[in-house]
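The values are calculated or read from the model by the stated rules, or taken from the named source; none is laboratory data. All of these numbers come straight from a predicted model, not from anything done at the bench. Glycine also receives a Cβ, built like all others from the backbone with ideal geometry; neighbour counts cover every protein chain displayed. Surface accessibility is based on the protein's heavy atoms, side chains included, excluding ligands, DNA and RNA. Shrake-Rupley method; radii C 1.70, N 1.55, O 1.52, S 1.80 Å.
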Amino acid sequence: MSLTSIDHPSDRDADLAARIATLKDFHQYYRDCLSEPTNFPTIGNYPLKLLHWVIDRCNTDVPQLADFLGTLPPSGLSPEHQLAMHVAMFTILQANLASHYNNTYPNSTLPPDVIVNIKRGLNRVLELHPAGDYMALNVQMLYRIKEIEEVLALSERFPDIFATYPSLRAIMGFIHAMLGQHAQALGWLEPLAQDPQGRDLPLVGLSLMTSQYFTGQQPDWPMSFASLDSAPDALPQLLEQLPAIEMVEPLAETPRPVVFVACDDNYFMEHARYLAYSLHATNVGKLDLHLHLYSPSPQVLEELTLLRTQLPGLSIGLSLERGPVPAQQPTTYYATARFVRAYQVLQHYRCELCMMDADALFNGDWDDFARGLPANAELALARVEASPFWERIAAGFCYCRPTPLAEQFLAKVSHFILHNLAQDKLIWFTDQIALSACDDHGLRGDAAVHYLDQRTVIDLQHTPHSLCWMVTTKKTGLPLYDQARQRLALRYAA
């Protein structure tokens with residue numbers, strides 16, 4: 001029995017084909033997190049730790065697997081079943097080449113011959129032992145290697161198999177939500193959301209939230225969208241529930257655009273200092289800096305005083321907040337509350353404001369960037385097309401002019417964040433969900449909003465002509481970025 005020999009329909013709608021192509025460009029994370037095998041037929045007398053080793057997405061060590069299998073006693077399974085298990089394990093290791101941990105191929109796409117070999121292995125497994133668990137494994141590995149069309153075709157051919165496995169339902173819900181087929185997505189996702197185990201699968205809540213929003217519903221889980229349809233009259237009261245913002249050393253004047261950065265002690269010492277160095281090295285006299293610090297230690301405040309001495313000509317303003325973090329996860333609060341604090345700082349300064357991640361470096365000239373903005377642009381947002389709705393507007397860079405539209409946008413974003421904070425619904429993507437939802441709900445089609453190519457202001461590849469270099473979860477081991485930090489340290493920190 002072969003699940004991977006289905007011909008691709010030749011008459012697919014062009015728009016759908018374009019959407020599928022965009023979906024394939026999504027970060028590999030969105031395939032990895034849904035493609036870890038959760039079901040496996042019995043492995044007989046083989047040790048369970050062998051299976052755990054095989055399905056580890058970091059692992060591609062085929063010779064070591066061969067050595068392991070050569071030292072094990074008989075599995076006790078039928079010859080066909082044992083061979084199917086061996087082929088499945090080797091095929092998983094091949095598919096692990098596609099995982100984020102290993103994928104260094106152009107456009108993160110495996111070479112065609114590797115994909116062919118993986119599909120041959122999956123077919124062989126099913127020929128030898130056509131168990132439901134292997135069918136589910138087949139779908140998950142096809143999804144991991146970007147064979148979206150085959151996964152969709154298989155869901156139509158074998159609906160009972162997909163309905164049986166929550167992991168496959170989650171894959172289908174995510175795919176349909178990202179393709180804009182929201183009615184189909186809800187059909188897969190709503191039963192999962194009602195299942196205590198299914199709702200905890202990766203992306204189920206975010207995909208459900210997306211499809212509910214685009215079908216005119218008001219999502220309430222994992223985040224509430226209720227604030228989108230209400231005036232921000234409750235914002236002042238919600239702001240009072242946060243630790244008070246203290247404008248300790250505000251900028252005396254703001255003739256230049258102000259870069260706004262918020263961080264805790266660790267991010268200040270590890271990242272924000274280097275951002276300040278890079279700003280001075282590339283744009284002194286063109287930009288000012290405002291730091292918002294979460295419960296800073298005396299050491300950090302001393303370092304800030306030193307920073308002003310090290311960077312003559314760069315004006316640095318300071319605000320801070322102290323006291324208990326009003327959320328269960330401090331890091332999530334820090335990442336999210338910065339947009340609320342940026343709104344308050346914009347109200348204080350009434351100037352051009354550029355919000356940035358702390359773990360970033362200026363690389364280009366601000367004047368060149370500013371000349372590239374349309375004259376009527378009041379708000380510039382970094383938009384990422386190949387991403388889920390909840391990451392469509394990237395949180396790493398946001399520029400606004402002191403206009404009612406920009407202030408109202410940040411007020412709406414702040415209201416969204418604080419409404420969810422009050423309900424204990426902060427999650428890691430909260431800031432990007434707030435930006436993306438408020439952009440779609442309130443700004444769609446407004447000529448005063450300019451969408452930036454993310455690569456020019458959130459450059460993760462560290463190319464020569466971008467304005468800002470940034471990093472993701474991997475902070476070190478990036479040669480160009482690390483070398484730039486070393487040069488800055490030699491220039492300023494010696």
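Using only the Cα atoms of the stretch 56-178, build the gyration tensor, take square roots of its eigenvalues as a ≥ b ≥ c, and label the shape rounded, prolate or oblate: rounded if a/c is under 1.5, else prolate if a/b is larger than b/c, else oblate.
In terms of gyration-tensor shape, oblate.
Where the accessible area of the stretch 243-302 is counted over protein heavy atoms with a 1.4 Å probe, how much of it, in %, is carbon and sulfur?
The nonpolar share, carbon plus sulfur, comes to 49 percent.
Fully extended, how many nm does the chain gain between Leu460 and Gln197 (0.36 nm per residue separation, minus their Cα-Cα distance)?
Taking Leu460 through Gln197 to full extension adds about 91.2 nm, to one decimal.
Can you list the residues of the stretch 44-60 with backbone N under 20 Å from a point 7 Å past the Cα of Ala66, pointing along Cα to Cβ?
The answer is 50-51, 53-55, 59-60.
So what does Ile145 come to for accessible area, using a 1.4 Å probe and Å² rounded to 10?
10 Å²
Rounded if a/c is under 1.5, else prolate if a/b beats b/c, else oblate: with a ≥ b ≥ c from the C-alpha gyration tensor eigenvalues square-rooted, which is the stretch 397-477?
Cα axes put the stretch 397-477 in the oblate bin.
Pull out the extension gain between Met247 and Thr215, defined as 0.36 nm times the separation in residues minus the alpha carbon to alpha carbon distance; nm, one decimal.
Stretched out fully, the Met247 to Thr215 stretch lengthens by 7.2 nm.
First compute the accessible area of the stretch 116-222 with a 1.4 Å probe, then give the percent of it belonging to carbon and sulfur atoms.
That fraction is 47 percent.
Which of the lysines could be linked to Lys146 by a straight reach, that is with a Cα gap under 29 Å, when you skip same-chain ones fewer than 8 residues away?
Hits, sequence-local ones excluded: Lys24, Lys49, Lys119, Lys474, Lys475.
Full extension from Tyr29 to Glu385: what is 0.36 nm times the residue separation minus their Cα-Cα distance, to one decimal in nm?
The span from Tyr29 to Glu385 would gain 126.6 nm if fully extended.
As an exercise, identify the chymotrypsin sites (Phe, Trp or Tyr not before Pro) in the stretch 354-435 lying in DSSP coil whose Cβ has no more than 13 other Cβ atoms within 10 Å.
The qualifying sites are Trp428.
Counting only protein chains, not ligands or nucleic acids, how are Glu246, Glu147, Glu127 ordered by accessible area (probe 1.4 Å), most first?
Highest to lowest solvent-accessible surface, that is Glu127, Glu246, Glu147.
Kindly express, to the nearest 10 degrees and within the range 0 to 90, the angle between helix 273-283's C-alpha long axis and the longest C-alpha principal axis of the chain.
With rounding to tens, the tilt is 70 degrees.
Keeping the other protein chains in place, figure out the carbon and sulfur percent of the accessible area of the stretch 409-494, with a 1.4 Å probe.
56 percent
Counting only the heavy atoms of the protein chains, how much of Thr305 is accessible to a 1.4 Å probe, in Å² to the nearest 10?
Near enough 90 Å² of accessible area.
Just to confirm, what accessible area per residue do you get for the chain at 1.4 Å probe, in whole Å²?
Spelled out: the 1.4 Å probe surface of the chain, per residue, equals 43 Å².
What size of dipole, in debye to the nearest 20, comes out for the chain about its Cα centre when the only charges are +1 on Lys and Arg C-beta atoms and -1 on Asp and Glu C-beta atoms?
So the magnitude is around 660 debye.
According to the square roots a ≥ b ≥ c of the eigenvalues of the Cα gyration tensor, what is the shape class of the stretch 285-375, taking rounded for a/c under 1.5, prolate for a/b larger than b/c otherwise, and oblate for the remainder?
oblate
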